[in-house]
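The values are calculated or read from the model by the stated rules, or taken from the named source; none is laboratory data. For clarity, every value in this text was computed on a predicted model and none was experimentally measured. Cβ coordinates were reconstructed from backbone atoms using ideal geometry, including for glycine residues, and neighbour counts include every protein chain displayed.
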Amino acid sequence: MTSRNIFTIIALFLCLAAIPAAAVDASPMETQMRQLLQNKIIGLRMPYTAAELNYDANGQLIGSSEVGPWTLYGSIQINEVSLKDTAFTLDAERVILVLPSGKSTLTPMLTGRKVRVSLTLTAPVDDNSIRGALGDVFSMSSVDEHFASYWRPAVENLMNMEKPCKAVQKASPDGVVGALANIPAYACVKGNVVSKPKGITTPAPGADAKKPMDGSASMRVIVDENGYPAIIQALKSSNGNYGIAAIVAVSQWKYTPAMKDGKAVPYMLDIELGKTAAAAAADNDKD
């Protein structure tokens, strides 16, 4: 599935329009919903981070949840659909949007992290109540358009450069590498003008596996002002399995954000996994 249709549920709504408006039995409707939604990747209007998301009949979240970057928490793949009376439940898996090496468009990647979305439908349950619930909770935004407005680099080909600091310091002496959600993002700053992000939670690739994974991987990350790795650019990996596990692991990392003039700001970092801390530090010093 391409990034252009990850969030598109217009076709789904058109299919729902064919369902009679009168109330129907739950079992046939549930079968219809399963056919339309199962194994589809769709986007949430709000990228809530909680593993249980319950919405009322007005499409409002019941309870509370942090809001994370839409690249990490805005997409889900639906694995199972359940419709019982007015309770519409979607068991799904988190999908992260990643920049592959050498690319400028986002690609979806399954994470294995489960999420349940429960919606209360308006009785009687028909196409109108289902379309209304889906429209309240899910998004029809284009991923490419969203990303183009979300991240605007100040240096051409920034994310794919082997040694970006030389180009950054030439083009932007203040260290601004772009704008993330209209907030200046920094990197390669000399001195203490901007403090770098510091890792708080940094699970290793395959941390839940019975034995540690062997391999190495490198990636470029834009850590947002809330400490999330909002943009993950895959650079290199010694093997595919480790590379995927490394991206999934980094997507769960949390930082204390970079600070400039007392305010949290986005910051671009290069991350090396599968190397000793000394080797990673040596690589950073070379840049």
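For the stretch 96-180, list the strands (runs of 3 or more DSSP E) that sit wholly inside it and hold at least 2 residues that are farther than 21 Å from Val221 by Cβ and modelled with pLDDT of 90 or more; which are they?
Because the criterion is at least 2 residues that are farther than 21 Å from Val221 by Cβ and modelled with pLDDT of 90 or more, the strands (runs of 3 or more DSSP E) in the stretch 96-180 that meet it are 107-120.
Restricting to the stretch 78-112, what's the tally of residues that are surrounded by fewer than 16 Cβ atoms within 10 Å (Cβ to Cβ) and of a type in the set (Lys, Arg)?
2
Right, Ser237: of a type in the set (Gly, Ala, Ser) and touching a residue at least 60 places away in the same chain (Cβ under 8 Å) or not?
Taking the combined requirement at face value, the residue does not satisfy it.
For every residue, the table says whether it meets (1) in a strand (DSSP E or B); (2) hydroxyl-bearing (Ser, Thr, Tyr); (3) loosely packed, with under 14 Cβ neighbours inside 10 Å; (4) on the phi > 0 side of the Ramachandran plot.
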position: Ala185; (1), (2), (3), (4): yes, no, no, no
position: Lys211; (1), (2), (3), (4): no, no, yes, no
position: Asp214; (1), (2), (3), (4): no, no, yes, no
position: Glu225; (1), (2), (3), (4): no, no, no, no
position: Gln233; (1), (2), (3), (4): yes, no, no, no
position: Asn241; (1), (2), (3), (4): no, no, no, no
position: Ile244; (1), (2), (3), (4): no, no, no, no
position: Ile247; (1), (2), (3), (4): no, no, no, no
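Quick grid of which residues meet (1) assigned by TED's automatic domain parsing to the domain that holds Asp85; (2) crowded, with 16+ Cβ neighbours inside 10 Å; (3) touching a residue at least 12 places away in the same chain (Cβ under 8 Å):
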| residue | (1), (2), (3) |
| --- | --- |
| Asp126 | yes, yes, yes |
| Leu158 | no, yes, yes |
| Glu162 | no, no, no |
| Ala167 | no, yes, yes |
| Gly175 | no, yes, yes |
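Restricting the search to the stretch 191-209, which residues are within 22 Å of Ser75 (Cβ to Cβ) and part of a loop (DSSP other than H, G, I, E, B)?
Pro203, Pro205, Asp208 - these are the residues of the stretch 191-209 that are within 22 Å of Ser75 (Cβ to Cβ) and part of a loop (DSSP other than H, G, I, E, B).
Before we move on, is Tyr186 farther than 16 Å from Tyr150 by Cβ, of a type in the set (Phe, Trp, Tyr) and either at pLDDT 90 or above or in contact with a helix residue (DSSP H, G or I) (Cβ under 9 Å, 6 or more places away or on another chain) (or both)?
Taking the combined requirement at face value, the residue satisfies it.
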